[in-house]
């Protein structure tokens, strides 16, 4: 429900009274840009305020008790412009930067706020185009359900293999096999891409067909054509060759 008319109807949501007061004071310097129409001290109040006040923009704290900023946004019937406020969440900041979503580190500094104001003015004055996909970022920032095991079939039985015992997954034709540290092999019902999405970050994609458990890497050697040879710490001392397109995953993991 954003508009190109100024001042923008502005809602402030923060559970810290001092932070709320500071932001209100700093935004007061930009009365031509912002009209503060309401304040809320938690996500539930913020949710109600958005529904009633229909603001153009929300300055939103992330960490709040009961319902955090992400959870609040996920429940909104529409998404106004949002400027996030965060004290320490590096992962969230990286997601915002990569998706061109503005944020302010707390405590908010006047100089940094001026950059945000300039950006908002330019955005509102330029012809409307595709804005940042905020709902996509919210999906990225949802905490992953913690997995401890993978289900596999063996005959008429379904086994649960602990992730700690998984050495690697490997795709062969249309099938994906799970290989354990003790040399066992099981057929799974997952694709490599699905496993890459669902498993914790300790599992690293090293080729189109291979996803390995980095905790069971014994050794990495340089290989032909810029690839790497990965030797696993399993019963078979399995050797896996990386795909060139996935070498950055290994470099990031091992800071090569």
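Every read-out reported here was derived from the displayed coordinates using simple, explicitly stated rules and does not represent laboratory data. Quantities reported herein were computed from a predicted structural model and do not represent experimental measurements. FYI the Cβ positions are ideal-geometry reconstructions off the backbone, even for glycines, and counts take in every protein chain you see.
Some observations on this one:
- The slack between residue 112 and residue 208, meaning 0.36 nm per residue of separation minus the straight C-alpha distance, is 30.3 nm.
- Length released on extending from residue 24 to residue 87, taking residue separation times 0.36 nm less the Cα-Cα span: 20.9 nm
- Computed with the Debye formula from one identical point scatterer per Cα of the stretch 149-254, without solvent, the log10 of I(q)/I(0) at q = 0.11, 0.22 Å⁻¹ comes to -0.31, -1.23.
- The packing ranking of peptides 164-170, 31-37, highest mean first, is 164-170, 31-37, where packing means the average number of other beta carbon atoms within 10 angstrom of each residue.
- Working ranking of peptides 223-236, 175-188 by packing, defined as the average number of other Cβ atoms within 10 Å per residue, highest first, is 175-188, 223-236.
- Packing-based ranking, highest mean first, of 77-86, 103-112, 9-18 given that Cβ atoms within 10 Å are counted: 9-18, 77-86, 103-112
- Under 19 Å from a label point set 7 Å out along the Cα-to-Cβ vector of residue 5, the amide N atoms of the stretch 30-47 belong to 31-38.
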